[in-house]
Amino acid sequence: MSCELAVIFDVAGTMLEMYRVAKDISKNVLMVGIVTTELVMEKGGRALVIPQLDPEKVMGTAPQTPLGIFFRDREKDIKISCSSTPVSEEEALSVLLCSDAEVADLQDTLKAVSARCPQFYYTTGLIVDVETGKVTHSVSTGGRPFPALEVVLKELEGMGAAIYVASGDSMRSLSNLTRCRGIKEERIYPASKPRQKEEIVKSLKNDYRLVVMVGDGLNDRYALEAADLGVLTVQQDSRPGTELIEAADEVIDDIRKLPGLIRDRLRGVDAS
């Protein structure tokens, strides 16, 4: 083993306190404070698509532009963050290119989020249903670091921890973490699906004596199970289900409790 400790963080709801808004496109209704993965998991064939685009490009586009036209020649920017059942990026793109939804549907949620959140972190996406061939929801998220995050990261670094990030969001959305929180860009894994997060954990276990995964949602389940220490955070009040709680070794309601948990586990590793 080359190092002692690696700590992998999810971002939304784990490092950042989030404000989320979704739009039910068929009903033309905005939904505030939703849990995005719950919308995805409501039925099979749904996938959360996170375009690797700056939200300013979305806001600068004519609202009546059909999504099919907006995403034409932007195929490489289509990434799936999570899905209820296996959905390929090609299947998701096919739905987007044929959709009668408009850029205005994305703009509506972005406006609602930007009115509430400071400009630290923004991301926007779409939920597609490949079984019905529809874009069901647009989703936008804004976030700011939990107040204790910087202190926790410094404490972990003082313990010699290598800090990693594995997130379903784009590198553009995560760039402020790189610049403002001292996390090395090469240790950030953007657009990570649930199984990819698991593989990241397993790969790091080859290089570190103790690998800790910290997450808050269903898309972190496999990574929590694979880690030497899986820590589920409920600071965002994400209403975790039983299967997610069972996947974790520890559940905490405040990120400030994380260093103490890791110290205790390190003592156990040393004792063995």
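The values are calculated or read from the model by the stated rules, or taken from the named source; none is laboratory data. Everything numeric here is computed off the predicted structure, so don't read it as measured data. All Cβ positions, even for glycine, are placed from backbone atoms using ideal geometry, and neighbour counts span all protein chains on display.
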Quick one: which of ARG195, ARG267, ARG221, ARG209 is more than 20 Å from the chain's Cα centre (by Cα), assigned to a helix (DSSP H, G or I) and not small (Gly, Ala, Ser)? ARG267
THR65 is checked against (1) within 26 Å of VAL214 (Cβ to Cβ); (2) at pLDDT 90 or above and fails just one. What number does that condition carry? (1)
Among what's in region 186-230 and is β-branched (Val, Ile, Thr) and more than 19 Å from VAL35 (Cβ to Cβ), pick the residue that is modelled with the lowest pLDDT. ILE188
Residue list for region 231-272, restricted to those being surrounded by fewer than 19 Cβ atoms within 10 Å (Cβ to Cβ) and at pLDDT below 90: ASP237, ARG239, GLY241, ARG267, GLY268, VAL269, ASP270, ALA271, SER272
The lone condition GLU75 fails out of (1) free of Cβ contacts under 8 Å to residues at least 60 places away in the same chain; (2) surrounded by 16 or more Cβ atoms within 10 Å (Cβ to Cβ); (3) among the charged types (D, E, K, R) is (2)
Given the criteria surrounded by fewer than 16 Cβ atoms within 10 Å (Cβ to Cβ) and of a type in the set (Lys, Arg), does ARG221 qualify? no
Quick one: how many residues across region 133-172 are surrounded by fewer than 16 Cβ atoms within 10 Å (Cβ to Cβ), part of a helix (DSSP H, G or I) and free of Cβ contacts under 8 Å to residues at least 60 places away in the same chain? 4
